Ligand code: HEM
């Protein structure tokens with residue numbers, strides 16, 4: 001009887017991009033299996049391209065800081081049939097800058113985005129939150145917390161710090177969406193990008209003439225030969241329009257859902273504010289917004305888990321899956337507001353890690369504390385479900401109807417604490 005020689009194990013077939021279950025923030029149910037059985041999977045993306053999908057903590061941690069992987073521009077990846085090889089680059093953000101220009105920009109931004117600077121801004125951040133909540137409360141309940149607070153708060157906070165007029169949002173928000181969007185043609189994408197560049201350039205002219213206490217003023221005055229160039233500052237401004245607030249909104253909105261959908265979580269934070277800094281870190285770990293949204297491209301072949309990532313291939317290090325890796329986090333799928341060790345990867349690592357991490361933490365701490373002070377009995381509005389965009393890998397509620405007045409039982413003093421006076425004490429970032 002002849003026996004055939006052993007065959008090398010076939011590569012697992014490509015899978016569809018895992019998505020969070022409908023009507024939830026996620027994470028996708030496949031993460032646990034992928035981490036165990038197929039830590040480097042090939043995924044098919046809805047746009048037709050394929051990419052490598054890395055889900056284990058140590059792989060994600062290493063890949064995101066690996067210099068053999070660059071951040072491709074929106075022109076270079078995903079491949080699009082309407083793109084010619086000699087096309088002008090469209091939207092370039094800070095993430096696609098490299099080398100000395102990127103280093104000069106990072107150096108110039110280190111101080112204004114530092115823990116110290118963010119701490120100094122906490123009282124102002126709190127006034128911003130309270131002002132928005134005044135308007136939100138005045139509009140009556142139930143109210144949509146996303147439109148009334150969770151969306152405008154990070155946008156306003158970024159605008160105040162960076163020096164972008166919040167009043168111009170009707171102009172730049174739709175264009176920023178279009179510049180990023182897969183729904184526009186390359187020509188349309190280039191046109192809105194050029195409008196946004198002109199907008200930032202004219203803003204910088206104004207900062208030269210009328211200096212203000214903001215990041216853009218600091219940058220235009222730091223420009224000079226051999227240091228920072230004006231083009232890099234425009235790139236930074238563009239990055240703020242497309243990436244400086246939306247992720248914070250998503251995290252804040254998911255944080256409120258996570259706190260309100262389990263009976264004691266919101267009340268626990270309300271009654272013990274000392275938990276807030278650790279709770280913010282845990283919410284950043286637990287909330288699965290970063291589901292393969294960081295796209296890298298290999299510039300040389302890389303071997304990992306007996307598979308070969310070839311030069312030119314796209315790689316998605318899935319931060320949200322790394323943050324649920326049971327090899328690193330005990331009881332990883334549980335939101336533990338008192339978790340002690342929390343080396344989450346939510347803000348990335350390496351040369352392109354998030355410059356806004358301290359600001360994002362502060363927005364979350366201040367935003368939550370402002371809500372806890374204002375609405376001790378905040379709850380999801382009865383009979384009105386939050387709306388979710390189920391097509392997207394990164395999810396937060398599009399609307400979040402909430403109520404805040406005492407229920408009849410609570411008004412009679414059953415079960416709920418008395419309303420606390422509004423505190424203006426800013427929490428640490
Ligand atoms: C919870 C909120 C946020 C999260 C989870 C987040 C996450 C991230 C991650 C993972 C990266 C690294 C991407 C990569 O490696 O390619 C990044 C980069 C970046 N983030 Fe954030 N971010 C948040 C908020 C902010 C805010 C508030 C700002 C500024 C106002 C900001 C500005 C930036 C910039 C400019 C970069 C690019 C840095 C570079 O390329 O050198 N982010 N962010």
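I need the shape label for the range 327-376. Rule: rounded when a/c is under 1.5, else prolate if a/b > b/c, else oblate, with a, b, c from the alpha carbon gyration tensor.
The shape class here is oblate.
Only counting other Cβ atoms within 10 Å, I'd like 251, 375 sorted with the fewest neighbours first.
375, 251
At 0.36 nm per residue, minus the direct Cα-Cα distance, what do residue 58 and residue 173 gain on full extension? Give it in nm, one decimal, please.
Computed gain between residue 58 and residue 173 is 37.8 nm.
Quick one: among 77, 33, 388, which has the greatest mean-square fluctuation in a GNM of the chain with alpha-carbon springs under 10 angstrom?
33
As a test of the formula, what do you get for the chain when each DSSP H run with n ≥ 4 contributes -39,500 (n - 2.57) and the sum is divided by the residue count, at 222 nm and rounded to the nearest 500 deg cm²/dmol?
When only DSSP H runs of four or more count, the value is -12500 deg cm²/dmol.
Would you mind ranking 202, 239, 394, 114 by Cβ crowding within 10 Å, fewest neighbours first?
Placing the least packed residue first, the sequence is 202, 114, 394, 239.
Per residue, what volume in Å³ does the convex hull of the Cα atoms of the range 28-82 enclose?
Here the figure is 98 Å³ per residue.
Quick one: which of 362-371, 378-387 comes out on top by average Cβ neighbours within 10 Å, and what's the full order, highest first?
Ranked from most to least packed, the peptides come out as 362-371, 378-387.
What's the ranking of 316-323, 262-269 by average number of surrounding C-beta atoms within 10 Å, highest first?
316-323, 262-269
Would you order 373, 390 from fewest to most other beta-carbon atoms within 10 Å of each residue's own beta-carbon?
So the residues, fewest neighbours to most, are 390, 373.
Packing-wise, with mean Cβ within 10 Å as the measure, how do 63-72, 333-342 rank, highest first?
Descending mean neighbour count gives 63-72, 333-342.
Classify the range 198-293 from the C-alpha gyration tensor, please: rounded if a/c falls under 1.5, else prolate or oblate depending on whether a/b exceeds b/c.
prolate
Once a ≥ b ≥ c are taken as the square roots of the eigenvalues of the Cα gyration tensor of the range 15-411, is the result rounded (a/c under 1.5), prolate (a/b larger than b/c) or oblate (a/b not larger than b/c)?
Oblate, since a/c reaches 1.5 and b/c is not below a/b.
With an 8 Å Cα cut-off and a minimum separation of 6 or more residues, compute the relative contact order for the chain in percent.
25 percent
Suppose a student asked you for the relative contact order of the range 117-200, using Cα pairs under 8 Å spaced at least 6 residues apart; what percent would you report?
Once divided by the residue count of the range 117-200, the mean separation gives 18 percent.
Points 7 angstrom from Cα along the Cβ direction at residue 391 and residue 130: gap in nanometres?
My value for the distance between the label points is 4.2 nm.
No lab work stands behind these numbers, since they all come straight from the coordinates. None of these values were measured; they are calculated from a predicted model. Note: ideal-geometry Cβ built from the backbone for every residue, glycine included; neighbour counts use all protein chains shown.
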